[in-house]
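First the structure, in the form of structure tokens, and then the observations on it.
The values are calculated or read from the model by the stated rules, or taken from the named source; none is laboratory data. Since the model is a prediction, treat every value here as computed from it, not as a measurement. All Cβ positions, glycine included, derive from the backbone under ideal geometry; neighbour counts span all protein chains shown. The area values use the complete protein model at the heavy-atom level, side chains included, leaving out ligands, DNA and RNA. Shrake-Rupley method; radii C 1.70, N 1.55, O 1.52, S 1.80 Å.
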Amino acid sequence: MAFRKTLVSRAVSARRWIHGAVALGTYALVSFFGISLWWVLAAGSLTGVVFGKVFCRWICPLGFVMESVTGAAGADSKFRNMYQYHKLGCPVAWASGILNRHSLFRIRRRAEACTACGLCDKACYMATLDEGKYSLYKEGLNRPGDAFACSRCLACVSSCPAKSLSFGPALSISKSDS
Ligand code: SF4
Ligand code: SF4
């Protein structure tokens, strides 16, 4: 089953609330219920195997605080860089970032449905930052969804008016998809 635009759009528009609630729950598990941080790290890495680097923007308490303080994908490059750099010390970010290329669920594009409107690239902080290097739809460029820094925010899928982009099982990606 692929998570297509409608479901993803709802999740993306509520992402900050979802992230806040999950982050609070994760914090409570460690701080008040004595769950070992190692279990959180192991579970976070496991989510990387299935979904890629979802931990940073959907689960992590520190990620939630950092995104709130720095405005992660905002216009100010100083704060944006602060957000990126805080991940350097996190083993889950490293593990799940590497897994982005191999996770069971991945972002894919049905080329035949794409109208080349470019809205996905405008929504993706990576494509915006590294214009000319990454694109979700242009041929010959790296796909940001497979890159280490993609945090599976799914803003790209949500922004696609043609339903060309989806988030689904990698096994169902055909040769015509990219
Ligand atoms: S999920 Fe999409 S919009 Fe978000 S960083 Fe990854 S490729 Fe870019
Ligand atoms: S938003 Fe969708 S239709 Fe537009 S360029 Fe991206 S993948 Fe193609």
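Going from the alpha-carbon gyration tensor of segment 107-172, what semi-axes, largest first and in whole Å, does one get by taking the root of 5 times each eigenvalue?
16, 14, 11
With each pseudo-label sitting 7 Å past Cα toward Cβ, what's the Asp146-Leu37 distance in nm, one decimal?
3.5 nm
Leaving out ligands, DNA and RNA, and with a 1.4 Å probe, what % of the accessible surface on segment 107-172 is carbon or sulfur?
Roughly 56 percent, rounded to a whole number.
List the residues, sorted by chain then number, that are 5 or more residues from Leu136 or on another chain and whose placed amide H is less than 5 Å from its amide H.
HN-HN under 5 Å from Leu136: Asp121.
Considering Cα pairs under 8 angstrom that are at least six residues apart, work out the relative contact order of segment 107-172 and quote it in whole percent.
It comes to 42 percent, rounded to a whole number.
Starting from the Cα-Cα distance between Val49 and His102, subtract it from 0.36 nm times their residue separation and give me the gain in nm to one decimal.
Once the chain is fully extended between Val49 and His102, it gains 18.3 nm.
Please compute the length gained on full extension between Trp94 and Tyr27, using 0.36 nm multiplied by the number of residues separating them and subtracting their Cα-Cα distance.
Value of the extension gain: 22.1 nm.
Please work out the average accessible area per residue across segment 107-172, using the 1.4 Å probe convention, and give it in Å².
Working: 2940 Å² over 66 residues.
It amounts to 45 Å² per residue over segment 107-172.
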